[in-house]
């Protein structure tokens, strides 16, 4: 068997029916589109969400909620993650650049240290924010918590 002599199994493929190609073809006239109406015309495409004239779902449901455009979104990093970095990578200082190198944050993220887990390593941490418990834990371990 070679690529140049591969063929589909016998009877598995059929020729496409060429509709709208004259009366002798047996599928002329309306070419399988029925009679009149938008769907029989060329260039027809239904709008997204159109339900045949019935009120569409996105218009039946009420609008709700509120988006505060002044919200400041922080990327949360927990103490156990910092301890893991200190153990595996032997870091003594935590900055945005170090977190970015290790794939924990991206370029424009604001970083906030959160208090899950426990921290034993003495670290100098410089990020955008801290929870009260995280700041207390960093200072209890002998480190410093600075805001950049």
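The values are calculated or read from the model by the stated rules, or taken from the named source; none is laboratory data. Since the model is a prediction, treat every value here as computed from it, not as a measurement. Using ideal geometry, Cβ is built from the backbone for each residue, glycine included, and neighbour counts are taken over all protein chains shown.
So here's what we get for this one:
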{"read-out": "Those residues of the range 2-21 which are at positive phi and either surrounded by 10 or more Cβ atoms within 10 Å (Cβ to Cβ) or modelled with pLDDT under 90 (or both), in sequence order", "value": "20"}
{"read-out": "Test for residue 81: is it surrounded by 10 or more Cβ atoms within 10 Å (Cβ to Cβ) and farther than 30 Å from residue 99 by Cβ", "value": "no"}
{"read-out": "Subset of the range 54-75 (residues that are surrounded by 10 or more Cβ atoms within 10 Å (Cβ to Cβ) and either closer than 22 Å to residue 130 by Cβ or touching a helix residue (DSSP H, G or I) at 6+ places or on another chain (Cβ under 9 Å) (or both))", "value": "74, 75"}
{"read-out": "Residue list for the range 14-73, filter: over 30 Å from residue 110 (Cα atoms) and touching a strand residue (DSSP E or B) at 6+ places or on another chain (Cβ under 8 Å)", "value": "57"}
